[in-house]
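Before we start, here is the structure in question, set down as structure tokens.
Just so it is clear, none of the values below were taken in a lab; they were calculated from the coordinates. The shown structure was predicted, so the numbers you read here are calculated from the model rather than taken from an experiment. FYI the Cβ positions are ideal-geometry reconstructions off the backbone, even for glycines, and counts take in every protein chain you see.
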Amino acid sequence: MIVVMKPGATPEQIHHMLQRVRDMGLSPHMIQGTERTVIACVGDERMKTPEQLAVGSGVDKVIPVLARYKIASREVKAEPTVIDLGLGSLGGTRVGIIAGPCTVENRKMIIETARAVKEAGAIGLRGGAFKPRTDPYTFQGLAEEGLEMLAEARAATGLAVVTEVMSCSQVDLVARYADCLQIGARNMQNFNLLAAVGEVDKPVLLKRGMSADFEEFLLAAEYILSRGNKRVMLCERGIRTFEQHTRFSLPVAIVPALKQATHLPVLCDPSHGTGRADLVEPVSRACIAAGADGLIIEVHPNPEEALVDGAQSIDIDAFRRLVASCRKVAEAVGRSL
Ligand code: PEP
Ligand code: MN
């Protein structure tokens with residue numbers, strides 16, 4: 001349930017209600033809107049009576065939240081969450097693009113790519129230093145050395161560094177270098193990892209598991225939010241279906257459905273979603289037309305030589321064209337890029 005405070009409720013009244021919620025054995029999460037404060041009460045609500053809270057001074061009303069995800073829900077927070085990142089933000093009227101190689105390969109390529117994607121209009125730089133590879137005999141990433149190169153690329157460009165963290169034991173290390181922690185599709189239901197990044201004061205980009213449904217995706221976000229980290233972005237990266245002409249199937253319909261259900265920014269990853277460089281630009285346009293707040297795109301200076309995911313990586317010129325055409329679509333749907 002949520003406790004909706006009256007417009008003008010005093011800080012004392014709000015603090016009193018936070019304590020009342022704790023006394024009931026629930027954890028309160030305060031959400032400060034532009035007009036009023038809302039307290040989401042999270043925990044096992046069985047046997048808890050809303051009347052006990054409704055009589056509190058400064059309380060307007062107590063409303064049950066129907067969705068299983070609470071803090072992520074639009075019912076709890078109607079205004080969109082806007083997350084500042086690098087040279088822009090995600091979740092507001094501007095659409096933001098994060099771009100870069102699948103993996104950091106060497107210092108020269110990451111800095112060259114960072115400069116080029118910044119020039120083309122990206123706000124963040126992607127690149128994995130820890131890579132979740134299906135085949136244990138393939139390149140696994142440069143680990144801390146890769147993180148150092150990403151930090152150098154940030155220093156050279158101002159782009160935010162978005163990079164994956166694969167396990168709880170890597171969280172402190174990755175958080176020291178990254179501006180945004182990526183949780184990969186294969187870890188979307190690694191609940192210990194979700195809880196661990198929920199304790200970090202950095203935005204999290206949560207990718208949808210390739211076999212996870214809509215509600216499981218939002219409940220994974222709820223794990224992070226319920227630990228206190230409110231800066232969570234959702235990323236649709238394609239799911240497994242019977243279809244074989246693309247690497248995964250990217251369901252564009254999830255974008256407006258998520259935007260209805262949650263206030264969190266919604267991004268799309270047409271690179272993994274299609275697995276095909278020739279489809280990345282048109283699918284990017286579709287995602288923005290459907291209301292995506294941002295994109296994460298694999299860009300490589302020479303995709304033919306990419307160590308990982310070359311087939312879905314676009315080169316710098318193609319990225320420039322992608323930004324130009326996505327900008328037109330963004331403008332057509334009342335946004336900017
Ligand atoms: C990636 O972004 O390179 C990646 C491995 O993504 P996903 O977790 O969506 O497969
Ligand atoms: Mn990749």
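Could you tell me which Cys residues in the chain have no other cysteine's Cβ under 4.7 Å from their own Cβ, answering none if every one has a partner?
So, 41, 102, 168, 180, 235, 326.
Another question, then. Between exposed trypsin sites (Lys or Arg not before Pro) in the chain, where DSSP calls loop and at most 12 other Cβ atoms lie within 10 Å, what's the longest gap?
Segment 69-239 is the longest.
Let me check I've understood the local charge: for residue 48, count other residues with C-beta under 12 angstrom from its C-beta, Lys and Arg +1, Asp and Glu -1. What total comes out?
That works out to -2.
Still on this model: Which of the GluC sites (Glu not before Pro) across region 1-110 are loop residues per DSSP, with 16 or fewer other Cβ within 10 Å?
Filter output for region 1-110: 35, 45.
For residue 106 and residue 35 in one chain, what is 0.36 nm times their gap in residues minus the Cα-Cα distance, to one decimal in nm?
Extra length available between residue 106 and residue 35 comes to 20.7 nm.
Taking the chain as a Gaussian network, where each spring joins two C-alpha atoms under 10 Å apart, which residue of 146, 56, 124 fluctuates the most?
56
What number comes out for the charge environment of residue 121, summing +1 per Lys or Arg and -1 per Asp or Glu over other residues with Cβ under 9 Å away?
+2
Taking a ≥ b ≥ c as the square roots of the Cα gyration tensor eigenvalues, with a/c under 1.5 meaning rounded and otherwise prolate when a/b beats b/c, else oblate, which class fits region 70-150?
In terms of gyration-tensor shape, oblate.
Let me ask another. Can you return the aspartates and glutamates within cross-link range of residue 77? Criterion is Cα-Cα under 12 Å, with same-chain partners fewer than 8 residues away left out.
Counting by Cα, and skipping residues close in sequence, residue 77 has these aspartates and glutamates nearby: 35.
Same structure again: Just how far, in whole angstrom, is region 25-65 from region 132-149 if you go by their alpha carbon centroids?
Here the two parts' Cα centres lie 45 Å apart.
Using a 7 Å offset from the Cα along the Cα-to-Cβ direction at both residue 152 and residue 15, what is the distance between the two label points in nm, to one decimal?
Inter-label distance under the simple model: 5.0 nm.
Still on this structure, I have one more. For residue 6 and residue 22 in the same chain, what is the full-extension length gain: residue separation times 0.36 nm, less their Cα-Cα distance, in nm?
Once the chain is fully extended between residue 6 and residue 22, it gains 3.8 nm.
Find how many whole Å separate the alpha carbon centroid of region 196-221 from the alpha carbon centroid of region 154-171.
Measuring centre to centre over Cα atoms gives 17 Å.
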